[in-house]
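Working notes for the structure below.
Nothing in this text is a laboratory measurement; each read-out follows from the coordinates by a stated rule. What you see is a predicted model, and the numbers here were worked out from it, not measured in a lab. Note that each Cβ is placed from the backbone with ideal geometry, even for glycine, and that neighbours are counted across all protein chains shown.
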């Protein structure tokens, strides 16, 4: 019976792919950039779009919850209280498209080329949300679900999910579930389905240095007044030593080292130097000495500058000593580092190293601890079966370098580990110009989700 249900749903998806694809393009056209106040209407538009779509396919009890920032879309489909309940997580907000001039096509005008769909959010993570919606529509239009479904789609993930934890606490009863499915990760390759068992955390800061009360003529005042841009560059350069270690006081005190067995398992995945060089296009890799690339990218903490601003940055020349300089700085954290401890370490570093010729301000913009599943997440065996049936190979398990704060929050508040997966690829260029989605992999992802939802 299950096999017949599955075949009917798979056929519906194949027969109705075109209309689902067109609707997906409509979602991608909405510039739901959560970090910009200029896109508040677009955020609301995207939330309404998804709420209407969930209603159309048969999801019930749909609500668009207001928060202090952006709305959370919720819906459910209850079929039998005796059957398991799957809570599907997703986010509809996207990163800013900047720098616009590096896009080969407009970021919110999706273009298909050579089996790829190019648009901001195509992979991260509107494409993953749409894969679940496509799977659920294919099932609900042809048969009955074998599980209860709850969907939670937020609009603040790209700014650290500031409203989500409070929402989870206030709605703990409504969100009770047996299984959490979080498809906000990705695959190693089109033929390598992947499940993530650990995620790095995040602590994000804005550092500002102030010198003169206004921009000064660099000829008249150069050599007399400290240049905040020069000072900032020196301060940032000192945050790493020549071994690739972060020099903030106490930065490594809470780091949980991985075992020799796990190091051996990670080494077999195939994400070696050649893999990263091919994906990134860099002439050679860098990083913390003594660790392999896959360990640096998933099992070790990092510090990076995400943005810099100082003085005159337009074309041409303007000889000024800028009044201030600014840097956006993020740290990726591993178990069991706490964002608050990193904040204290960064403040201590600045107090020790910023000279008296300038003064500084530091804002802690967002933070979330790392996530690691202590045991196999509920429903994992069913999901592995669905991936294996679809791809014909056993999925790989890996650590992920990115941060998904909701995984930790759901574990702490709802008491359920997450199945963290997804159908994006390492070269999808998420957060970068020309973000893209590999459509054949996306379609197979929908097929795997159909098998998973009907496999109970």
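Just a few scattered comments:
- Degrees separating the helix 339-353 axis from the principal Cα axis of the chain, which is the longest one: 10 degrees
- The range 192-339: relative contact order in percent, alpha carbon pairs under 8 Å with at least 6 residues between: 45 percent
- In plain terms, the residue of 39, 245 with the fewest other Cβ atoms within 10 Å comes first and the most crowded comes last, giving 245, 39.
- Kirkwood hydrodynamic radius (C-alpha pairs) into Stokes-Einstein, the range 245-346, 10 °C and 1.306 mPa s, D in µm²/s: 96 µm²/s
- Here the simple spin-label model places points 7 Å from the Cα toward Cβ, and for residue 61 and residue 313 these points are separated by 4.7 nm.
- Calculated SAXS-style log₁₀ I(q)/I(0) at q = 0.09, 0.15, 0.18, 0.19 Å⁻¹ - the range 134-273, Debye, Cα scatterers: -0.63, -1.15, -1.31, -1.35
- The range 43-185, relative contact order [Cα under 8 Å, separation at least 6], %: 35 percent
- Projected area averaged over orientations for the range 136-183, convex hull of C-alpha atoms, nm²: 4.5 nm²
- Taking the range 96-131 and a reference point 7 angstrom along Cα→Cβ of residue 40, the backbone N atoms nearer than 19 Å belong to 96.
- Between the C-alpha center of the range 344-362 and that of the range 1-52 there is a gap of 46 Å.
- Each 10 Å bin from 0 upward holds the following percent of the Cα-Cα pairs of the chain: 4, 19, 29, 26, 14, 6, 2, 0, 0.
- Added length on full extension, which subtracts the Cα-Cα distance from 0.36 nm per residue, residue 431 to residue 393: 10.7 nm
- Across the range 20-143, the fraction of Cα-Cα pairs farther apart than 24 Å, rounded to a whole number, is 31%.
- Centroid-to-centroid, using Cα positions, the range 68-118 and the range 176-234 are 23 Å apart.
- Helix 2-15 axis, angle to the chain major axis (alpha carbon atoms, nearest 10°): 60 degrees
- Sorted by Cβ neighbour density within 10 Å, fewest at the top, the residues 77, 213: 213, 77
- Our summary gives the chain a relative contact order of 26 percent, counting only alpha carbon pairs under 8 angstrom and 6 or more residues apart.
- Relative to the longest principal axis of the Cα atoms of the chain, helix 17-28 runs at roughly 30 degrees.
- Alpha carbon centroid spacing (whole Å) that separates the range 409-456 from the range 133-150: 17 Å
- Rg followed by Dmax, in Å, when the range 213-268 is reduced to its Cα trace: 20.7, 62
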